[in-house]
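Enquirer: Pasting a structure below so you can have a look.
The values are calculated or read from the model by the stated rules, or taken from the named source; none is laboratory data. Remember, predicted model here, so these are calculated numbers, not experimental data. Note: ideal-geometry Cβ built from the backbone for every residue, glycine included; neighbour counts use all protein chains shown.
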Amino acid sequence: MFDNTCKYLAATYPEDMAAWLLGEPLSLSEVQPQELTLDPIRADSLVLLRGENLLLHLEFQTQPDPDMPLRMLDYWLRARRRFPGIAIRQVVLYLRPTASTKVFENRFRDENTEHRYEAIRMWERQPEEFWGRVGTLPLAILAGQGEKTSLLREVARAIEEVPEAKVRGGGGHSGVHFGGVGDGG
């Protein structure tokens, strides 16, 4: 449920995601993962956002995946073939705390090949960095560690204060669905 909610937020509010991850607002639109198919893509949480000179690849993960470094290289190669000449920035967002060291991996390395990507562990982020943008506000509940009840109340209060036009403004959707965020699913 976590990764589906995050995928929805990224597809509905791509500019908010870009502003958070890239530090600047960019006009991005969603690219369907099917556009990268050579073989079927098995990722259920692959999000591609394309701007004029940038492809932002977001991979939402609830559990560590030992094959993630190779998967990220594979996605990069597919994206490079499909969008030659466009910068590709890849980010794996780990949504749930874990003791696995796999969430610290951020590169694929083999004999003559090395590929790097970013790995963000949401529980290491501060909830405040998600404030101020409709599309990232629900992610605040995934940030930090410890007691979440008061944080969930703050997020709910902040969402209630968002003007209706902003909530309904993304992607022609009739409203924002925050199901799954903070529900332990």
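Enquirer: Are there any pairs with C-beta distances below 9 angstrom linking a residue in region 80-91 that is under 13 Å from Arg50 (Cβ atoms) and touching a residue at least 60 places away in the same chain (Cβ under 8 Å) to a residue that is among the hydroxyl-bearing types (Ser, Thr, Tyr) and part of a loop (DSSP other than H, G, I, E, B), with the two at least 6 apart or on different chains, and if so which?
Expert: Matching pairs, first to second residue: Arg89/Tyr117.
Enquirer: I'd like to check something: does region 98-105 contain any residue that is under 19 Å from Leu26 (Cα atoms), touching a Pro at 6+ places or on another chain (Cβ under 8 Å) and not charged (D, E, K, R)? First the steps, then the outcome.
Expert: From region 98-105, those under 19 Å from Leu26 (Cα atoms) are none; that's our starting set.
No, region 98-105 has no match at all.
Enquirer: Hey, among Val155, Val134, which residue is within 15 Å of the chain's Cα centre (by Cα) and either loosely packed, with under 15 Cβ neighbours inside 10 Å or at pLDDT below 95 (or both)? Outline the logic, then answer.
Expert: Details: Val155 fails: within 15 Å of the chain's Cα centre (by Cα).
Testing whether each residue is within 15 Å of the chain's Cα centre (by Cα) and either loosely packed, with under 15 Cβ neighbours inside 10 Å or at pLDDT below 95 (or both) leaves just Val134.
Enquirer: In the list Arg81, Arg71, Arg89, which residue meets the criterion of being within 15 Å of the chain's Cα centre (by Cα), basic (Lys, Arg) and either more than 18 Å from Gly135 (Cα to Cα) or at pLDDT below 90 (or both)? Lay out the reasoning, then the answer.
Expert: Numbers: Arg81 fails: within 15 Å of the chain's Cα centre (by Cα); Arg71 fails: within 15 Å of the chain's Cα centre (by Cα).
Answer to the selection: Arg89.
Enquirer: Residues of region 106-116 being in a loop (DSSP other than H, G, I, E, B) and either within 23 Å of Leu49 (Cβ to Cβ) or touching a His at 6+ places or on another chain (Cβ under 6 Å) (or both), which ones?
Expert: Taking region 106-116 as the starting set, the residues that turn out to be in a loop (DSSP other than H, G, I, E, B) are 106, 111-112.
Asn106 - this is the single residue of region 106-116 that is in a loop (DSSP other than H, G, I, E, B) and either within 23 Å of Leu49 (Cβ to Cβ) or touching a His at 6+ places or on another chain (Cβ under 6 Å) (or both).
Enquirer: Which one is surrounded by the most Cβ atoms within 10 Å (Cβ to Cβ) among residues in region 110-123 that are without any contact (Cβ under 8 Å) to a residue 12 or more places away in the chain and over 13 Å from Trp76 (Cα atoms)?
Expert: Start the filter on region 110-123 by keeping residues that are without any contact (Cβ under 8 Å) to a residue 12 or more places away in the chain, which leaves 110-112, 114, 116.
Filter once more, keeping what is over 13 Å from Trp76 (Cα atoms): 110-112.
Working: Asp110: 10, Glu111: 5, Asn112: 5.
Here the answer is Asp110.
Enquirer: Then there's this: Taking into account only those residues within region 135-162 that are in contact (Cβ under 8 Å) with a residue 12 or more places away in the chain and outside any helix (DSSP H, G or I), which is nearest to Thr12 (Cα to Cα)? Even if it seems obvious, please write down each step before you answer.
Expert: Filtering region 135-162 down to residues in contact (Cβ under 8 Å) with a residue 12 or more places away in the chain leaves 135-145, 148, 151-152, 154-155, 158-159, 162.
Restricting the remaining residues to those that are outside any helix (DSSP H, G or I) gives 135-136, 143-145, 148, 162.
Numbers: Gly135: 7, Thr136: 11, Ala143: 21, Gly144: 24, Gln145: 27, Lys148: 25, Val162: 15 Å.
Residue satisfying both the conditions and the ranking: Gly135.
Enquirer: Of (1) closer than 15 Å to Leu21 by Cβ; (2) touching a residue at least 24 places away in the same chain (Cβ under 8 Å), Gly132 satisfies all except one. Which?
Expert: Tallying (1) closer than 15 Å to Leu21 by Cβ; (2) touching a residue at least 24 places away in the same chain (Cβ under 8 Å), Gly132 fails exactly one: (2).
Enquirer: Taking the residues in region 56-95 that are under 20 Å from Trp123 (Cβ atoms) and among the polar types (S, T, N, Q) as candidates, determine which candidate is surrounded by the fewest Cβ atoms within 10 Å (Cβ to Cβ).
Expert: Among them, the one singled out is Gln63.
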